[in-house]
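Engineer: This is the structure, below, for whatever I ask next.
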Amino acid sequence: MLKGSTILITGGTGSFGSRVARHLMEKEPKEIRILSRDEKKQWDMQRQFPDFEYLLGDVRDATRLAVAMEGVDYVFHAAALKQVGSCEKDPFEAVQTNIMGSYQACLAARRAGVKTFVALSTDKAVKPVNAMGTSKAMMEKMVCSQNQKNCQTVFCCVRYGNVMGSRGSVIPLFLDQLEQGQPLTVTVPEMTRFLLTLDQSVELVFHAMTQARGGEIFVRKAPACTIQALADTIRQRAGQPDYPIKITGIRRGEKLHEVLVNEYEMQRVSEQEEFYTIYPDDRFQGEWTPQPLGSEFASHNTRQLLPGPELESLLDAMGDPESFH
């Protein structure tokens, strides 16, 4: 499917872009383009992947997007403002990038005749309580609505939980605190988060690209754990089971538990072994029958990982967080 194709990754110098690049090279594409704002990160990535085409630019810039999309077959739209605290402080910036920037990317993809456009979203878009989650929820609605407009491009979204080892996530924070001799900062011990490796996140994107018909949101089933269990496992792996922990309290814009599929979306879900597919409302015609209101898929009611071998094996699968910086 990807052999001989041209692929664009917006926000491609981030954690996802670096990892998906390795997988894409195995597919023998004609060209991989990286569009991002950070010159330093592009320079770092270029040393690792010198054969890629690197474009400096912002998804807010329609002209630059038009250039980036020329001749592109597939788009992975990963460009976003994703730090909860930053978006709470400057919510309009989240609107400009996560909503309007995504809209500009969709328009450019349609005009360029892109085959498939996959946008990356987050569990924070479900029942959002912060600016970042709200902007991502609107991004999902806007991206999935593109397929109502008789275009040839297939638009869909993928929705992630916590991607282990990605920039700004809790595991690199804990490891940095250990290295600096600082206490591990746990907001609320019973807070739960989904856990997904970067490789699993890439698998979800490829699943979406091959299965999408237009307007779907794809979710990978994932286990979860409490922040306390994660901190305990990291302390044990470091050989310091009694390393100090500092309870800081829940932060502005945070939820105690995250949701990947809410109870209303469960009415229009198709379940596979490892994935959920959330279909758009207009698919429920003919053979599609809405299901009864069901239980949401949330971080407190999925399979819970306790400190021990299973959680440690997930940390091993994460790889070296330093490679994601």
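Engineer: Could you give the length gained on full extension between Asn262 and Val188, defined as 0.36 nm per residue of separation minus the Cα-Cα distance, in nm?
Structural biologist: Details: separation 74, 0.36 × 74 = 26.64 nm, distance 2.30 nm.
Computed gain between Asn262 and Val188 is 24.3 nm.
Engineer: Here is a further query. Could you order the peptides 91-100, 300-309 from most to least packed, using the average number of other C-beta atoms within 10 Å per residue? Let's see the in-between values first.
Structural biologist: Working: 91-100: 19.1, 300-309: 14.6.
The most tightly packed comes first, giving 91-100, 300-309.
Engineer: Could you give the size of the charge dipole of the range 1-130 about its Cα centre, using +1 on the Cβ of each K and R and -1 on the Cβ of each D and E, expressed in debye and rounded to the nearest 20? Could the numbers behind the result be given before it?
Structural biologist: Details: 19 positive and 16 negative charges, 52 e Å.
Using only the charged Cβ atoms, the result is roughly 260 debye.
Engineer: When the C-alpha atoms of the chain are aligned to their principal axes, what extent does each axis show, in angstrom, from largest down?
Structural biologist: 58, 52, 38 Å, listed from the longest principal axis down.
Engineer: If you don't mind, there's one more thing I want to ask. Can you compute the FRET efficiency between Asp199 and Gln272 using 1/(1 + (r/R0)^6), with r the Cβ-Cβ distance and R0 = 22 Å? Round to the nearest 0.05.
Structural biologist: Details: r = 18 Å, r/R0 = 0.83.
Result of the calculation: an efficiency of 0.75.
Engineer: So for Ser295, Ser201, fewest C-beta neighbours within 10 Å to most, what's the order?
Structural biologist: The fewest-first ordering by Cβ neighbours comes to Ser295, Ser201.
Engineer: A further question follows. List the lysines whose Cα sits under 19 Å from the Cα of Lys127, skipping any in the same chain fewer than 8 residues away.
Structural biologist: Lys82, Lys136, Lys141, Lys221, Lys255
Engineer: Using just the helices of the chain, give the 222 nm mean residue ellipticity in deg cm²/dmol: DSSP H runs with n ≥ 4 each add -39,500 (n - 2.57), and the total is spread over all residues, rounded to 500. Before the final figure, lay out the partial values.
Structural biologist: Numbers: 11 runs with 111 residues, N = 325.
Helices in the chain give a 222 nm mean residue ellipticity of -10000 deg cm²/dmol.
Engineer: Continuing with the same structure: For Arg37, Arg213, which order do you get if you count the other beta carbons within 10 Å of each Cβ and list the fewest first?
Structural biologist: Numbers: Arg37 16, Arg213 12.
Ranked by crowding around the Cβ, least crowded first: Arg213, Arg37.
Engineer: Roughly speaking, what is the stretch gain from Ser295 to Glu39, that is 0.36 nm per residue apart minus the C-alpha to C-alpha distance, in nm to one decimal?
Structural biologist: Numbers: separation 256, 0.36 × 256 = 92.16 nm, distance 4.48 nm.
Full extension from Ser295 to Glu39 adds 87.7 nm.
Engineer: For Glu53 and Arg22 in one chain, what is 0.36 nm times their gap in residues minus the Cα-Cα distance, to one decimal in nm?
Structural biologist: On the way: separation 31, 0.36 × 31 = 11.16 nm, distance 1.47 nm.
Result for the pair: 9.7 nm of gain on full extension.
Engineer: On to the next question. Between Arg237 and Lys30, how high is the FRET efficiency from 1/(1 + (r/R0)^6) when r is the Cβ-Cβ distance and R₀ = 45 Å? Nearest 0.05. Present the calculation step by step, with values, prior to reporting the outcome.
Structural biologist: Values: r = 42 Å, r/R0 = 0.94.
That gives a FRET efficiency of 0.60.
Engineer: Based on Cβ point charges of +1 for Lys and Arg and -1 for Asp and Glu, what charge dipole magnitude is obtained for the range 80-125 about its Cα centre, in debye rounded to the nearest 20? Spell out each step's value before the answer.
Structural biologist: On the way: 6 positive and 4 negative charges, 63 e Å.
Dipole size: approximately 300 debye.
Engineer: In what sequence do Ile227, Ile278 fall when counting other Cβ within 10 Å, fewest first? Provide the component values of the computation, followed by the final result.
Structural biologist: Details: Ile227 21, Ile278 24.
In order of increasing Cβ crowding within 10 Å: Ile227, Ile278.
We did not get these values from a lab; they are worked out from the coordinates using the rules stated. Keep in mind that what you see is a predicted model, and the values were worked out from it rather than measured. FYI the Cβ positions are ideal-geometry reconstructions off the backbone, even for glycines, and counts take in every protein chain you see.
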